[in-house]
Every structure is written in structure tokens, then in C-alpha cells.
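Before any comments, here is the structure.
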Amino acid sequence: MTRLHFQPIKDKSLDILDTILKNEDVAAVDETWRRLGVVVEEIVLNIVDYSKSDYLDVEITRDEESITLCFHDGGELFNPLEREEPDFTVPLEDRKIGGLGIFMVIKYMDTVTFSHSGGENILTVTKKIKVKK
């Protein structure tokens, strides 16, 4: 397991994303790497932009069958899984803003869980994978 620690500063979002996506366990993921990149970007940007946390820790665990990323932040309590699914029947210009990103996270990953413990938001995402050879 790899544990990465960041200060979630808006000007550093791209550096945070780059560090996570270039981690050897993440970079070794084959065809799901692009989707994993979208998921990581969505989660990181939401934490940086909205959580008001002074830290973001990411635990990365990979085995032969799956990769799991666990995002910890000390920001305001927010369970993204409680958001309503976007209504795609409503014309784009009439839709409420927000919710599409977490919808994509849920659709792209095999498992998405949220917990709040010890003052931390903990969002865990897991994807079945193939590893580059």
C-alpha cells in the first residue's frame, strides 16, 4: 500500500493529480487507466474546491485483480453518495448544476463506499483491473 499526503490547495490540483496518476500502482493499470484518471480528477477537485480540509491523504492498494484508492480528508462532512442521480430526461440547459461527476465515479468503478470516522470523510473506490505487462 502507498499512502500519499497533500495539502489541498487549488493552485496545486494538477500536481496532486499528476502524483496520484503517476504512482506505479496506478500507472500499471491497463485499459481502465483513463477512466481511473477521470475518477481521481473528479474526487480530488471536489475535495480541493469544496471540502475546506487542510489535508488530503490517498491510500493506493493494488493486487492482481483490483486497485483501490481511499481518499481521506478532514473537511466538512459530505457524503457524495447521497446526491441524487442526474435526470438525463431534462434538457441540458434546464438541468441542475452538480452531480454528474459523482455519477461518473459510481458508473466507472466497481465499488464506491463512503464513511465518516474520527472527523474524516473517507471515500473508497475499487476497480477490477488488468495490469500492464
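Laid out as a table, the results:
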quantity	calculated
The chain - percent of accessible surface contributed by carbon and sulfur, probe 1.4 Å	50
Sequence-distant residues sharing a close amide H with Tyr55 (under 5 Å, placed H)	Gly74
Out-of-range pairs (alpha-carbon distance over 22 Å; input Lys10/Lys128; Lys10/Lys127; Lys12/Lys52; Lys12/Lys127; Lys107/Lys127; Lys22/Lys130)	Lys10/Lys128; Lys10/Lys127; Lys12/Lys127
Radius ratio Rg over Rh of the stretch 37-89, counting only Cα atoms, Kirkwood formula for Rh	1.04
Within the chain, helix-based [θ] at 222 nm, where runs of 4 or more DSSP H residues each add -39,500 (n - 2.57), nearest 500	-9000 deg cm²/dmol
Candidates Leu56, Leu69, Leu17: whichever shows maximal mean-square fluctuation once the chain is modelled as a Gaussian network with Cα springs under 10 Å	Leu17
The chain - Rg and Dmax from Cα coordinates, angstrom	14.9, 46
Per residue accessible area of the chain, 1.4 Å probe, in Å²	63
Once exposed loop GluC sites (Glu not before Pro) are cut out (DSSP; at most 15 other Cβ, 10 Å), longest piece of the chain	85-133
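The values are calculated or read from the model by the stated rules, or taken from the named source; none is laboratory data. Keep in mind that what you see is a predicted model, and the values were worked out from it rather than measured. Here the Cβ is made from the backbone with ideal geometry for all residues, glycine too, and neighbour counts use every protein chain on show. To get the accessible areas, we keep the full protein, side chains included, count just its heavy atoms, and leave off ligands, DNA and RNA. Shrake-Rupley method; radii C 1.70, N 1.55, O 1.52, S 1.80 Å.
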